[in-house]
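**Student:** There's a structure below that I have some questions on.
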Amino acid sequence: MSQIHVISHPLVQHKLTQMRRVDTPSERFRQLLTETSLLLTYEVTSDLPLVSSKITTPLTDMDAPELVNHPVVISILRAGNGLLDGVLQVVPGARVGHVGLYRDHDTLEAVEYYCKFPPLENQTVIVVDPMLATGNSASAALDRIKEENPGEIRFLCLLAAPEGIESLQSAHPDVAIWTASIDERLNEVGYIVPGLGDAGDRIFGTT
Ligand code: URA
């Protein structure tokens, strides 16, 4: 069973509440999502390995720690893109991949319509999608990513439904999950309740 980390930091919880409000406009929603993803990234990267090397300050030489391998960030289209600005503000050296999937109405299989990754072999990968709802697209994206033989994979979302966590943990027990909240449930059409609505629509103003 993979680990689940709930990020209960007051700033994250405050911003999440603003995003949940039905009357928060897209412009403000995007800004809050960027700020929140920056804070979530701080948590999801908190144990990345550092390597020390000798540097020179204005006063002296010292051994100082640096990230040597920046993680690769993969956005699940389209809502995952709403998290990218914040992630890249704090990890500007990260390379970015995108994967787009839709669910075929007849077969219910996830069908890939777009995929572009930087080299993933042995790289730490952080997969971002604001909503872990049924877990179907997250699982399909992880299946696709694993074809590239990455190193450790971490899944970062804003909200998770218990159903999505269970499904992802059973399909990908090696992938730890970071989220700002585990909400109550999915409704009959797969939306997270209480949730925040359709994350893509709220980010891009497409309602
Ligand atoms: N995707 C969303 O954008 N919102 C949900 O509540 C579930 C899936």
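**Student:** Residue check, TYR102 against (1) surrounded by fewer than 16 Cβ atoms within 10 Å (Cβ to Cβ); (2) more than 16 Å from the ligand (Cβ to nearest atom); (3) not in a loop (DSSP other than H, G, I, E, B), all met but one. Which one?
**Tutor:** It is condition (2) that TYR102 fails.
**Student:** When you check THR179 against the structure, is it of a type in the set (Val, Ile, Thr) and in contact with an Asp or Glu (Cβ under 7 Å, 6 or more places away or on another chain), yes or no? Give the derivation first.
**Tutor:** Working: of a type in the set (Val, Ile, Thr): yes; in contact with an Asp or Glu (Cβ under 7 Å, 6 or more places away or on another chain): no.
No: the conditions fail for THR179.
**Student:** Among the listed residues LEU156, LEU168, identify the single one that is closer than 17 Å to THR34 by Cα, in contact with a Ser or Thr (Cβ under 8 Å, 6 or more places away or on another chain), more than 9 Å from the ligand (Cβ to nearest atom) and in contact (Cβ under 8 Å) with a residue 24 or more places away in the chain. First the steps, then the outcome.
**Tutor:** Numbers: LEU168 fails: closer than 17 Å to THR34 by Cα.
Residue meeting the stated conditions: LEU156.
**Student:** Now for a different question. Run down GLN169, GLN123 and say which single residue is assigned to a loop (DSSP other than H, G, I, E, B) and either open to solvent by 40 Å² or more (accessible area, probe 1.4 Å) or closer than 30 Å to LEU11 by Cβ (or both). Give the steps one after another, and end with the answer.
**Tutor:** On the way: GLN169 fails: assigned to a loop (DSSP other than H, G, I, E, B).
Criteria check complete, one pass: GLN123.
**Student:** Scan segment 119-140 for residues that are under 12 Å from GLY100 (Cα atoms) and more than 12 Å from the chain's Cα centre (by Cα) and jot them down.
**Tutor:** SER137, ALA140
**Student:** Select, from THR41, THR36, THR17, the only residue that is modelled with pLDDT of 95 or more, in contact with a Lys or Arg (Cβ under 6 Å, 6 or more places away or on another chain) and part of a helix (DSSP H, G or I).
**Tutor:** Values: THR41 fails: in contact with a Lys or Arg (Cβ under 6 Å, 6 or more places away or on another chain); THR17 fails: in contact with a Lys or Arg (Cβ under 6 Å, 6 or more places away or on another chain).
Exactly one residue qualifies, and that residue is THR36.
Here is a yes/no grid of residues against (1) in contact (Cβ under 8 Å) with a residue 24 or more places away in the chain; (2) of a type in the set (Val, Ile, Thr):
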{"site": "VAL12", "(1), (2)": "yes, yes"}
{"site": "ARG20", "(1), (2)": "yes, no"}
{"site": "SER26", "(1), (2)": "yes, no"}
{"site": "ASP47", "(1), (2)": "no, no"}
{"site": "SER52", "(1), (2)": "no, no"}
{"site": "THR60", "(1), (2)": "no, yes"}
{"site": "PRO65", "(1), (2)": "no, no"}
{"site": "HIS70", "(1), (2)": "yes, no"}
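**Student:** I need the full set of residues from segment 177-207 which are more than 7 Å from the ligand (Cβ to nearest atom), buried (at least 16 other Cβ atoms within 10 Å of the Cβ) and either assigned to a helix (DSSP H, G or I) or modelled with pLDDT under 95 (or both), in order please.
**Tutor:** Passing the criteria: ARG202, ILE203, PHE204.
**Student:** Would you mind stating whether GLN89 is closer than 22 Å to LEU38 by Cβ, open to solvent by 10 Å² or more (accessible area, probe 1.4 Å), out of contact with any Cys (no Cβ under 6 Å at 6 or more places or on another chain) and away from the ligand (no atom under 16 Å from the Cβ)? If you could, list the steps in order and put the result at the bottom.
**Tutor:** Details: closer than 22 Å to LEU38 by Cβ: yes; open to solvent by 10 Å² or more (accessible area, probe 1.4 Å): yes; out of contact with any Cys (no Cβ under 6 Å at 6 or more places or on another chain): yes; away from the ligand (no atom under 16 Å from the Cβ): yes.
In short, yes.
The values are calculated or read from the model by the stated rules, or taken from the named source; none is laboratory data. The shown structure was predicted, so the numbers you read here are calculated from the model rather than taken from an experiment. Every residue, glycine among them, receives a Cβ derived from its backbone with ideal geometry; neighbour counts consider all protein chains shown. Side chains included, ligands, DNA and RNA excluded: accessible areas come from the protein's heavy atoms. Shrake-Rupley method; radii C 1.70, N 1.55, O 1.52, S 1.80 Å.
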